[in-house]
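**Student:** If you scroll down you'll find the structure; I have some questions about it.
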Amino acid sequence: MNDFLSYYRQKEKELGTENVMDTQCPFCSVQCTMQIVEQRMVGHEKYKVLPKYNPTSEERVCIKGLNAHQHALSQERIQYPMLKKNGEFVRISWQKALEYIQERFSEIQRQNGFDGIGVYGGGSLTNESAYLLGKFARVAFKTKHIDYNGRFCMSAAATAANEAFGIDRGFTNKLSEIPFARCLILAGTNIAECQPTLMPYLTKAKENGSFIIVIDPRETATTGVADLHLKVKPGTDAALVNGILKVIFEKGYLNEEFIDEKTNGIDELKEHISTIKLNDISKLTGISEESIQLAAVKYATSSTGMIFTARGVEQQTDGYMAVRNFLNLVLVTGKIGKIGCGYGAITGQGNGQGGREHGQKADQLPGYRSLENEEHRKYISRVWGINEEDLPRKGVSAYEMIEKIDAGDIQGLFVMGSNPVVSNPNANYVKQSLEKLRCLVVVDLFISETAKLADLILPCSSYLENEGTMTNLEGRVTLREASRKNPGETKHDWKILCEIAKILGRGEFFSFSSPEEIFNELRVASRGGIADYFGITYNRLKKERVYWPCPEYDHPGESRLFTKTFAHPDGKGRIISVNNHYPKEQIDIEYPLYLTTGRIISHYLTGEQTRISPALNSLTFESFLEIHPDTAKKYKVENHALVKLSSKRGQIIVRSKYSNKIREDTVFVPFHWGDDQNVNKITHEALDPTCKMPGFKVCAVSVSPVIDLSIN
Ligand SMILES: Nc1nc2c(c(=O)[nH]1)N[C@H]1C(S)=C(S)[C@@H](COP(=O)(O)OP(=O)(O)OC[C@H]3O[C@@H](n4cnc5c(=O)[nH]c(N)nc54)[C@H](O)[C@@H]3O)O[C@H]1N2
Ligand SMILES: Nc1nc2c(c(=O)[nH]1)N[C@H]1C(S)=C(S)[C@@H](COP(=O)(O)OP(=O)(O)OC[C@H]3O[C@@H](n4cnc5c(=O)[nH]c(N)nc54)[C@H](O)[C@@H]3O)O[C@H]1N2
Ligand code: SF4
Ligand SMILES: [Mo]
């Protein structure tokens, strides 16, 4: 018997094959590289993931990267186009799917005009697909309505950097300069959970003696490296920075020479800061005057320093202004353009940087050009071969598109690479709006919460199968090569766009046969723009990760920005005064707690991909409410009990998790789950007036036990 067994085992081994896939993680903006070794035995496969060196994450991969293949290889992937018939999805052919889109969308446009269709993109798409989606909306559908999920992610920081510096590239320096900063301010960023493979840069800085200040209402894995943790009241970062500026002005720590030579607007700021009282700021933010002073002195007097912001500061109804105030700090101390001195908006999605440069934003054309700039319109119309009059003007932001759907102005929606029902604020309203659509088409890997509402789902290829470039958080362009054949009838996003364009009669503008061909058009379209990719080619990317701007073939790409001047026409950085801000929704007797939302290490965004991975899902399989034990007792909430969390917009049910690490007036819920645990059912719909970022990070809520255990 044993002889038989070993014979067959041996046979199995001989038949087993090994397949090596070199790839890049599909999740966050670091874009770690790895090798997936697939060992195929008869009847089953085994996977080993080995980190591969790259200059950003060096040889590190986090737990999400180690398990990303699990969703890509999962049986839950959709493999065929599916049409909803009598409430059920049925498999149809690609030809039928394309004809369906042509018929339904043309009918809507005949009745409601070109702008009756909306396009909704995402920051997971490759540069090639993001570029093509922008062109597709304007040239194939001829609609002005296109925006993308990055509106909820990068819009505040991007708008602030554009206004203050003249360029929005997430990091102004390369990551490897972090250890040279003598002081680091990390504001509303949880790098340890969200970009874990970057942590060694912080620990190296600390070993070098850097003073690290973290601003966050919670103690997190990131606050663990802090020398000073400012446990700020949610939504009050702009005020906190006014306090820091007050100390800097009073103590005379301004870099006068830098301010005179390189900035505008200091007088206005000086006047504004003279009206600020430190004890008011202390009351408003919940941070002691001593701590504000310490932060100011440490940052201003350190020879070098860097400031990083992320969504904690930015996803606010004053996100744009809050970031502007941090940039004021950079500018008045002159800590930019030198080694160990700079600013970084820690970009979120894998292609969060590239995805915001090439035209899937409502007001944008490729190369970070503007739809409302006549020169830019002329240039891009020439590259695309269309008449400038046919190029639509700017549209509205992502959430405003949902409002337009509700109002009946948009009746058909094409979603590629996003799950808006879970990621938009005020999700009950979003779902109701999407249900009003006459036609919803969703391109995805899975039947997401949004895809469930669709009339037609189109199956796309995953990161393992789709070749393309991504631009990481440093502004470095990377090439991810395909390492697997498309499963079933899945198609690449770019291919889907080309085929739809063809059936709409616009095929001549979309006759691409490879991502490289699209990239070559993108290079020309971006040429001379702010985000200039002209000098970057696939051949180059096979050997190196290249920083933009890179205007010529032999240009090395710029790793450090603003070494001499800023990018505004006068070369100067812009300082402005920023008012203390109050979040749109304040707590009251009925809703007495601040809710803030965010992420945990094992899940990614709406959880659509990570909830499918057994390894990741088993780590945290349901949502939770982080609550201070004293607060919990006040509301009769036991530890690990199901809790009802309500706001004026709705309610959800999550499990409580006591934590001494959070402010007593604040609770935290991650946003990686849908349906009854979708925290966006209760978040507020108010948008930042400048960049249209929703205030995901503050709303007023109440908590109560689902089952009142005190009765027994
Ligand atoms: N594991 C994991 N990693 C990810 C992602 C993921 O979903 N999961 N998503 C990726 C994406 S797209 C993004 S955008 C990034 C996001 O990366 P981060 O912005 O770092 O993540 P968040 O958890 O949303 O928020 C960061 C911190 O802001 C704090 N915060 C809340 N309110 C305030 C406030 O008013 N002021 C301040 N100063 N802080 C506040 C929260 O407590 C939280 O610890 O992560 C990327 N990486
Ligand atoms: N309350 C709260 N809400 C938030 C945030 C928060 O902090 N708090 N953060 C916001 C932020 S920063 C972000 S970035 C958004 C993210 O919001 P979403 O974009 O809605 O989140 P994802 O889960 O990335 O959704 C992407 C969808 O695209 C699919 N997909 C993945 N790769 C591809 C691909 O290559 N092609 C195609 N066609 N589809 C693909 C996935 O399966 C998934 O269904 O959420 C925002 N919403
Ligand atoms: S999630 Fe981010 S840090 Fe983790 S492996 Fe992927 S790219 Fe790297
Ligand atoms: Mo994001």
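The values are calculated or read from the model by the stated rules, or taken from the named source; none is laboratory data. These numbers come from a predicted model, not from an experiment. Positions of Cβ are generated from backbone atoms using ideal geometry, with glycine treated the same way; all protein chains shown enter the neighbour counts. Quick note on the areas: whole protein, heavy atoms, side chains included, nothing else; ligands and nucleic acids left out. Shrake-Rupley method; radii C 1.70, N 1.55, O 1.52, S 1.80 Å.
**Student:** From the list Y47, Y80, pick out the single residue that is open to solvent by 20 Å² or more (accessible area, probe 1.4 Å) and either within 14 Å of ligand 2 (Cβ to nearest atom) or in a strand (DSSP E or B) (or both). Break it down into steps so the answer makes sense when it comes.
**Tutor:** Details: Y80 fails: either within 14 Å of ligand 2 (Cβ to nearest atom) or in a strand (DSSP E or B) (or both).
Unique residue meeting the criteria: Y47.
**Student:** Give the residue that is nearest to the chain's Cα centre (by Cα), with candidates limited to residues of segment 283-305 that are assigned to a helix (DSSP H, G or I) and of a type in the set (V, I, T).
**Tutor:** Narrowing segment 283-305 to residues assigned to a helix (DSSP H, G or I): 283-285, 289-301.
Now restrict to residues that are of a type in the set (V, I, T): 285, 292, 297, 301.
On the way: T285: 26, I292: 30, V297: 32, T301: 33 Å.
If we take residues in segment 283-305 being assigned to a helix (DSSP H, G or I) and of a type in the set (V, I, T), then T285 is nearest to the chain's Cα centre (by Cα).
**Student:** Right, something else. I'd like the residue in segment 488-506 that is open to solvent by less than 20 Å² (accessible area, probe 1.4 Å) and of a type outside the set (A, V, I, L, M) and, out of all such residues, is nearest to R77 (Cα to Cα). Before you say what the answer is, go through the steps one by one.
**Tutor:** Taking segment 488-506 and keeping what is open to solvent by less than 20 Å² (accessible area, probe 1.4 Å), we get 490, 493-494, 496-498, 500-501.
Within this subset, residues satisfying the condition of being of a type outside the set (A, V, I, L, M) are 490, 493-494, 498.
Numbers: T490: 9, D493: 15, W494: 18, C498: 22 Å.
That would be T490.
**Student:** Output yes when any residue across segment 424-445 is farther than 22 Å from N127 by Cβ, hydroxyl-bearing (S, T, Y), open to solvent by 10 Å² or more (accessible area, probe 1.4 Å) and more than 11 Å from ligand 2 (Cβ to nearest atom), and no when none is. Before you say what the answer is, go through the steps one by one.
**Tutor:** Just the residues of segment 424-445 that are farther than 22 Å from N127 by Cβ, to begin with: 424-441.
The next check asks that each one be hydroxyl-bearing (S, T, Y); those that pass are 429, 433.
Filter again for open to solvent by 10 Å² or more (accessible area, probe 1.4 Å), leaving 429.
Now restrict to residues that are more than 11 Å from ligand 2 (Cβ to nearest atom): 429.
The answer is yes; a qualifying residue exists.
**Student:** Turning to a different aspect of this structure: Residues of segment 673-712 being open to solvent by 60 Å² or more (accessible area, probe 1.4 Å) and not in a loop (DSSP other than H, G, I, E, B), which ones?
**Tutor:** Listed by number, the residues that qualify are D675, D676, L709, S710, I711.
**Student:** Report yes if some residue within segment 579-596 is within 30 Å of N67 (Cβ to Cβ) and polar (S, T, N, Q); otherwise report no. I'd like the intermediate steps shown before the answer.
**Tutor:** Restricting attention to segment 579-596, the residues satisfying the condition of being within 30 Å of N67 (Cβ to Cβ) are 595-596.
Next, only the ones that are polar (S, T, N, Q) stay: 596.
Yes, because at least one residue in segment 579-596 is within 30 Å of N67 (Cβ to Cβ) and polar (S, T, N, Q).
**Student:** Would you confirm, using the coordinates I've provided, whether P670 is under 26 Å from D318 (Cβ atoms), touching a strand residue (DSSP E or B) at 6+ places or on another chain (Cβ under 8 Å) and either modelled with pLDDT of 95 or more or open to solvent by 10 Å² or more (accessible area, probe 1.4 Å) (or both)? Before you say what the answer is, go through the steps one by one.
**Tutor:** Values: under 26 Å from D318 (Cβ atoms): yes; touching a strand residue (DSSP E or B) at 6+ places or on another chain (Cβ under 8 Å): yes; either modelled with pLDDT of 95 or more or open to solvent by 10 Å² or more (accessible area, probe 1.4 Å) (or both): yes.
Spelling it out, P670 is indeed under 26 Å from D318 (Cβ atoms), touching a strand residue (DSSP E or B) at 6+ places or on another chain (Cβ under 8 Å) and either modelled with pLDDT of 95 or more or open to solvent by 10 Å² or more (accessible area, probe 1.4 Å) (or both).
**Student:** While we're looking at this one, here's another question. Residues that are open to solvent by 20 Å² or more (accessible area, probe 1.4 Å), aliphatic (A, V, I, L, M) and in contact with a Ser or Thr (Cβ under 9 Å, 6 or more places away or on another chain): does segment 199-207 have at least one?
**Tutor:** Pass one, segment 199-207, residues open to solvent by 20 Å² or more (accessible area, probe 1.4 Å): 199-200, 203-204, 206-207.
Filter again for aliphatic (A, V, I, L, M), leaving 199.
From the residues that got through so far, the ones that are in contact with a Ser or Thr (Cβ under 9 Å, 6 or more places away or on another chain) too are 199.
Yes: one or more hits.
**Student:** Consider only pairs whose beta carbons are under 6 Å apart and that are at least six residues apart or on different chains; among these, list those whose first residue lies in segment 226-239 and is of a type in the set (S, T, N, Q) and whose second residue is surrounded by 24 or more Cβ atoms within 10 Å (Cβ to Cβ).
**Tutor:** Matching pairs, first to second residue: T236/T285.
**Student:** Quick one: G674 ticks every box in (1) touching a Phe, Trp or Tyr at 6+ places or on another chain (Cβ under 9 Å); (2) within 11 Å of ligand 2 (Cβ to nearest atom) bar one, so which box is it?
**Tutor:** All conditions are met except number (1).
**Student:** May I pose another question? Determine, yes or no, whether T222 is at pLDDT 95 or above, within 16 Å of ligand 3 (Cβ to nearest atom) and either β-branched (V, I, T) or surrounded by fewer than 22 Cβ atoms within 10 Å (Cβ to Cβ) (or both). Show your work before the answer.
**Tutor:** Details: at pLDDT 95 or above: yes; within 16 Å of ligand 3 (Cβ to nearest atom): yes; either β-branched (V, I, T) or surrounded by fewer than 22 Cβ atoms within 10 Å (Cβ to Cβ) (or both): yes.
When the stated conditions are applied, T222 passes them.
**Student:** Test L605 against the criterion of being out of contact with any Leu (no Cβ under 6 Å at 6 or more places or on another chain) and open to solvent by less than 10 Å² (accessible area, probe 1.4 Å), and give yes or no. First the steps, then the outcome.
**Tutor:** On the way: out of contact with any Leu (no Cβ under 6 Å at 6 or more places or on another chain): yes; open to solvent by less than 10 Å² (accessible area, probe 1.4 Å): no.
It is false that L605 is out of contact with any Leu (no Cβ under 6 Å at 6 or more places or on another chain) and open to solvent by less than 10 Å² (accessible area, probe 1.4 Å).
**Student:** Here is a list of conditions, (1) among the aliphatic types (A, V, I, L, M); (2) more than 17 Å from I117 (Cα to Cα); (3) open to solvent by less than 10 Å² (accessible area, probe 1.4 Å), and M416 meets all of them except one; can you say which number that is?
**Tutor:** If we test M416 against (1) among the aliphatic types (A, V, I, L, M); (2) more than 17 Å from I117 (Cα to Cα); (3) open to solvent by less than 10 Å² (accessible area, probe 1.4 Å), just (2) comes out false.
**Student:** Which residue is nearest to the chain's Cα centre (by Cα), if the candidates are limited to segment 144-164 and must be away from ligand 2 (no atom under 16 Å from the Cβ) and crowded, with 24+ Cβ neighbours inside 10 Å? Step through it out loud before you land on a result.
**Tutor:** We begin by selecting, within segment 144-164, every residue away from ligand 2 (no atom under 16 Å from the Cβ); these are 144-145, 161-164.
Going one step further and asking which of them are crowded, with 24+ Cβ neighbours inside 10 Å, we end up with 145, 161, 164.
Values: H145: 20, A161: 16, A164: 21 Å.
So the residue we want is A161.
**Student:** Still on this structure: May I ask you to say which residue of K335, K378 is buried (at least 24 other Cβ atoms within 10 Å of the Cβ) and either outside any loop (DSSP other than H, G, I, E, B) or more than 16 Å from ligand 2 (Cβ to nearest atom) (or both)? It would help to see each step written out before you state the result.
**Tutor:** Numbers: K378 fails: buried (at least 24 other Cβ atoms within 10 Å of the Cβ).
None of the others qualify; the one that does is K335.
**Student:** Given the residues S106, S129, S93, which is the only one that is farther than 29 Å from P689 by Cβ, within 11 Å of ligand 2 (Cβ to nearest atom) and either surrounded by fewer than 19 Cβ atoms within 10 Å (Cβ to Cβ) or of a type in the set (S, T, Y) (or both)?
**Tutor:** Numbers: S106 fails: within 11 Å of ligand 2 (Cβ to nearest atom); S93 fails: within 11 Å of ligand 2 (Cβ to nearest atom).
Of the residues listed, the single one that is farther than 29 Å from P689 by Cβ, within 11 Å of ligand 2 (Cβ to nearest atom) and either surrounded by fewer than 19 Cβ atoms within 10 Å (Cβ to Cβ) or of a type in the set (S, T, Y) (or both) is S129.
**Student:** Please find, among L440, L473, the residue that is not assigned by TED's automatic domain parsing to the domain that holds E38 and not in a loop (DSSP other than H, G, I, E, B).
**Tutor:** Among L440, L473, only L440 is not assigned by TED's automatic domain parsing to the domain that holds E38 and not in a loop (DSSP other than H, G, I, E, B).
**Student:** So which of V139, V119, V90, V49 is away from ligand 1 (no atom under 16 Å from the Cβ) and under 19 Å from the mean Cα position of the chain (by Cα)? Walk me through how you get there before you give the answer.
**Tutor:** Numbers: V139 fails: under 19 Å from the mean Cα position of the chain (by Cα); V90 fails: under 19 Å from the mean Cα position of the chain (by Cα); V49 fails: under 19 Å from the mean Cα position of the chain (by Cα).
On inspection, the qualifying residue turns out to be V119.
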